[in-house]
1. Normalising by the residue count of the chain, find the relative contact order in percent from Cα pairs under 8 Å and 6+ residues apart.
2. Given R₀ = 22 Å, FRET efficiency for residue 93-residue 150 by Cβ-Cβ distance, to 0.05?
3. Measure out, as a whole number of angstrom, how far apart the alpha-carbon centroids of the stretch 1-73 and the stretch 93-162 sit.
4. Counting other beta carbons within 10 Å of each residue's own, what order do 67, 75, 50 fall into, fewest first?
5. Based on DSSP H runs of at least 4 residues, each adding -39500 (n - 2.57), what is the mean residue ellipticity at 222 nm of the chain after dividing by all its residues, to the nearest 500 deg cm²/dmol?
6. Which order do peptides 57-64, 99-106 fall in by mean Cβ count within 10 Å, highest first?
7. For the stretch 7-156, would you read off the P(r) tail past 18 Å as a percentage of all alpha carbon pairs?
8. Points 7 angstrom from Cα along the Cβ direction at residue 23 and residue 65: gap in nanometres?
Ligand SMILES: C[S@@+](CC[C@H](N)C(=O)[O-])C[C@H]1O[C@@H](n2cnc3c(N)ncnc32)[C@H](O)[C@@H]1O
């Protein structure tokens, strides 16, 4: 790809979290390209700009200023459940390795001092088991003792809280 936009969404799904689902500053990527009718009759369409695997991204090192990483957080959902269709699911034996590889790729394709925004729901796996899979510590997020079901964490590549990769 010759010209890359500044932002990569590494697993965009149906782009639900985007204010502008056709934002030209974002390269929308996902491993799936498919469409489903959900139980309430609505259509769910996963139609990325690039079909790719976040564990092995087809981009050069230091390509993006901002990477968005909202990987599947479900392990227990049935493979054909609407939750799995909407959010994808993790393999119960491989999720640690898959997420570790995903984090490593997100950091690799970020420019130095670029920002990674990571989203996680603790429905099946607590955040404390996810954080050690990232190569650096986050800069901000819900760090207190209060338990939140959803987390937004922000990382910056390099800097003093983590080795430059
Ligand atoms: C939680 S959903 C993302 C939801 C999205 N942020 C939104 O706003 O709609 C996770 C997505 O990760 C995708 N995914 C799962 N494994 C992947 C992989 N190895 N590489 C790229 N995408 C993957 C799934 O297909 C699913 O669409």
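1. 20
2. It comes to 0.30.
3. 18
4. Taking fewest neighbouring Cβ atoms as first place, the list is 75, 50, 67.
5. -4000 deg cm²/dmol
6. Working: 57-64: 16.0, 99-106: 20.5.
Final packing ranking: 99-106, 57-64.
7. Numbers: 6429 of 11175 pairs.
Here the long-distance tail beyond 18 Å is 58 percent of all Cα pairs in the stretch 7-156.
8. So the label points at residue 23 and residue 65 sit 1.2 nm apart.
The numbers here are math on the coordinates, done by the rules we state, and not lab data. Only a predicted model underlies this, so the values are computations on that prediction, with no experimental measurement involved. A quick note on method: Cβ atoms are made from the backbone with ideal geometry, for glycine too, and the neighbour counts reach across all protein chains shown.
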